[in-house]
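Chemist: One structure follows; several queries about it will come next.
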Amino acid sequence: MKRAEEAGDQKRTDDNMETLLKRFETFNEQSMPVINTYEQMGKVKKIDASRDKESVYNDVKNTF
């Protein structure tokens, strides 16, 4: 929710809770079914992105 602030762009009107909840709902309705289908096919790789960016990058590089 702080994209505008961090980017120094005060023109972002979509940086609010309502928009965030709508994006999350859209992701769950439209993207998760696709992810679930590919996961059943063994084509999804999961990487813990809560770590530092170098660790995440190394895992992505090694996975793909």
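Chemist: Hey, among the residues in region 14-44 that are in a loop (DSSP other than H, G, I, E, B) and modelled with pLDDT under 95, which one's surrounded by the most Cβ atoms within 10 Å (Cβ to Cβ)? I'd like the intermediate steps shown before the answer.
Modeler: The initial filter retains those residues of region 14-44 that are in a loop (DSSP other than H, G, I, E, B), namely 14-16, 41-44.
Restricting the remaining residues to those that are modelled with pLDDT under 95 gives 14-16.
Numbers: 14: 11, 15: 17, 16: 12.
Per the criteria, the residue is 15.
Chemist: Separate question: Do any residues in region 21-42 that are closer than 19 Å to residue 64 by Cα have Cβ atoms under 7 Å from those of residues that are acidic (Asp, Glu), where the two are at least six apart or on different chains, and which pairs are they?
Modeler: none
The values are calculated or read from the model by the stated rules, or taken from the named source; none is laboratory data. Small disclaimer: the values here were computed from a predicted structure and weren't measured. With ideal geometry, Cβ positions are generated from the backbone for all residues, glycine too; neighbour counts draw on all protein chains shown.
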